[in-house]
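Trainee: Before I ask anything, let me first share the structure, which is written out below as structure tokens.
The values are calculated or read from the model by the stated rules, or taken from the named source; none is laboratory data. What you see is a predicted model, and the numbers here were worked out from it, not measured in a lab. Don't worry about glycine lacking a Cβ; one is built from the backbone with ideal geometry, like all the others, and counts go over all protein chains shown.
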Amino acid sequence: MDAVQAVLQAETFSIAALAAVLRLPVVREQRLLHGAVACFGPGPTANSQTRKVLAAVLAALKNWLVEYDKWVSDMVPEAAIERVTAEALQLVMAAAHPVQTFSNNADTRGCLLPPATVAAYRSVYREYTDQ
């Protein structure tokens, strides 16, 4: 994202420089970023405001990612969760209002499945014989 932002904010902008940055493996791995910037085509050259707005959007996204990482790292690591607690958490999350949010830890714990075993599979699907 930094490379794309640097090209967009350069005083001497050119489509060739933007195309070169879009070919970088680091940028190509970020498919959504790559596709979004590539969709603009010659727009950043034709209109400098487009380039400035796109650079501002990328800067805002970058700031948001930094804030999110800080928020996640500030969370207190929680103790291992018991199976009963995980099942209760799943019910709480299922019954919650759609706009209610959960921390990344709660979301992960609520969605993780217990270890898969043959016995567990057979008990769910009521299949007690080998095929």
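Trainee: Could you say which residue among 50, 45 is assigned to a helix (DSSP H, G or I), touching a Leu at 6+ places or on another chain (Cβ under 9 Å), at pLDDT 80 or above and not aliphatic (A, V, I, L, M)?
Mentor: Of 50, 45, the one residue that is assigned to a helix (DSSP H, G or I), touching a Leu at 6+ places or on another chain (Cβ under 9 Å), at pLDDT 80 or above and not aliphatic (A, V, I, L, M) is 45.
Trainee: If you scan the stretch 7-36, which residues turn out to be within 20 Å of residue 63 (Cα to Cα), in contact (Cβ under 8 Å) with a residue 12 or more places away in the chain and assigned to a helix (DSSP H, G or I)?
Mentor: 7, 8, 9, 26, 27, 33, 34
Trainee: Hey, residue 16 hits all of (1) surrounded by 13 or more Cβ atoms within 10 Å (Cβ to Cβ); (2) over 30 Å from residue 101 (Cα atoms) but one; which does it fall short on?
Mentor: Evaluating residue 16 over (1) surrounded by 13 or more Cβ atoms within 10 Å (Cβ to Cβ); (2) over 30 Å from residue 101 (Cα atoms) leaves (1) as the failure.
Trainee: Starting from the stretch 44-68, take each residue that is more than 14 Å from residue 1 (Cβ to Cβ) and list its partners that are assigned to a helix (DSSP H, G or I) and hydrophobic (A, V, I, L, M, F, W, C), counting only C-beta distances under 6 angstrom and pairs at least six apart or across chains.
Mentor: Close Cβ pairs satisfying both conditions: 45/15; 51/8.
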